[in-house]
1. Just a yes or no: is a residue in region 225-234 under 20 Å from C272 (Cα atoms) and of a type in the set (A, V, I, L, M)?
2. Among (1) loosely packed, with under 12 Cβ neighbours inside 10 Å; (2) touching a strand residue (DSSP E or B) at 6+ places or on another chain (Cβ under 7 Å); (3) within 15 Å of P277 (Cβ to Cβ), there is one condition F184 misses while meeting the rest; what is its number?
3. If the requirement is being buried (at least 16 other Cβ atoms within 10 Å of the Cβ), assigned by TED's automatic domain parsing to the domain that holds V181 and touching a residue at least 60 places away in the same chain (Cβ under 8 Å), which of these qualifies: K276, K248, K197?
4. Would you be able to say whether some residue in region 152-164 is hydrophobic (A, V, I, L, M, F, W, C), surrounded by 12 or more Cβ atoms within 10 Å (Cβ to Cβ) and modelled with pLDDT under 55?
5. Which residues, counting only those in region 208-242, are at positive phi and loosely packed, with under 14 Cβ neighbours inside 10 Å?
6. Would you pick out the residues in region 99-127 that are within 18 Å of L56 (Cβ to Cβ) and among the polar types (S, T, N, Q)?
7. Pick out, from region 180-242, the strands (runs of 3 or more DSSP E) lying fully within it that include 2 or more residues that are closer than 14 Å to G260 by Cα.
8. Could you count how many residues in region 41-66 are among the aliphatic types (A, V, I, L, M) and without any contact (Cβ under 8 Å) to a residue 24 or more places away in the chain?
Amino acid sequence: MALSGYLWFSKSNLQKTHNSLTGENMELEKLHTELDLEYKTALQDLEDLRGDNQELNELIENQKADLAKQKKRISGLIWTEREMGKAREEIANMQLVANQYVSEINLLKTKNQELTSQNANLTEANTNMSEEIIVNKKKINNLDSVKTILVSQTEELSAVKEVLAEKVDMAEAIKINSIEVKGFDINNKGDYKQKNKASKIDVLRACFRTETNMVVPAGEEEFFVTFVSPGGETLYVEELGSGTMINKLDGQTVRYTASGSVEYQNEDLDACLDWKPNFQLAKGVYKVHMYNNGFNVGNGEFTLK
């Protein structure tokens, strides 16, 4: 009787264990099916993006290989380690990675389309230039080969391109209508008081009024001011914001005393730039030069006694 009871108890426990394992295996199988579905969906999404671009196709293959590694690792979590919670987290992470891959491919395809469009425009422009070269070729009697003509046209087009680029840059420079420079003394309370005596100057303030320039996109614009002493030297202290720039008109390096940005809205603008010298200024007539977009856009002068 006791033996029968023991056997019944053991059988009952075995049945519970079997049922538990069966339930767990079903959960594992369900999770593996979910993994397989997400993996195949991710692969199909990438395959749908395949096209004629070899570099993009190679990238897609690399991304598919990465996803395969992730799937293999997650399968190990499911069947070997039986870590269902961690496996679910990794499946969710694989979905995120797959979405990022698709977004990356779409972005690259968009950029390639833009480049293709640009190349088409360039091809059309080159076709127009070729027609112009043929017309001009007939007008040139002192050239004896097509090669010489093409070289000449190329040099001419390069020169025109440089001139046009320079004109565009110059057109985008915001001209200055007026410049006024005042000196200020700063008292112990931090108040500014206008002075024109060199020994009393703590701050030079260059106030200027711009012209309206509809070519320039609205937004932040940087202006540079150069103060030239009566002795002909640029007031220049690096630690106080002075620096150098290239004058696009002649390619020369120009020293500037100070710079500052303003919010330009394609209309006349009043603004000021302050500079605080850390040395006593000399008496005499100072010259002022303003720059924007690499061009000299205004000049003036002021006198300190």
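The values are calculated or read from the model by the stated rules, or taken from the named source; none is laboratory data. Note that the structure is predicted; figures quoted are calculated from it, not measured. FYI the Cβ positions are ideal-geometry reconstructions off the backbone, even for glycines, and counts take in every protein chain you see.
1. yes
2. If we test F184 against (1) loosely packed, with under 12 Cβ neighbours inside 10 Å; (2) touching a strand residue (DSSP E or B) at 6+ places or on another chain (Cβ under 7 Å); (3) within 15 Å of P277 (Cβ to Cβ), just (1) comes out false.
3. Answer to the selection: K248.
4. Narrowing region 152-164 to residues hydrophobic (A, V, I, L, M, F, W, C): 157, 159-160, 163-164.
Add one more test, that the residue is surrounded by 12 or more Cβ atoms within 10 Å (Cβ to Cβ), and what stays is 157.
From the residues that got through so far, the ones that are modelled with pLDDT under 55 too are 157.
Yes: region 152-164 contains one or more residues that are hydrophobic (A, V, I, L, M, F, W, C), surrounded by 12 or more Cβ atoms within 10 Å (Cβ to Cβ) and modelled with pLDDT under 55.
5. Taking region 208-242 first, the residues at positive phi are 219, 232, 241.
Listed by number, the residues that qualify are G219, G232.
6. First, pick out the residues of region 99-127 that are within 18 Å of L56 (Cβ to Cβ): 99-119.
Correct list: N99, Q100, S103, N106, T110, N112, Q113, T116, S117, Q118, N119.
7. Details: elements: 192-195, 203-210, 219-228.
Once the strands (runs of 3 or more DSSP E) in region 180-242 are filtered for at least 2 residues that are closer than 14 Å to G260 by Cα, what remains is 203-210, 219-228.
8. 1
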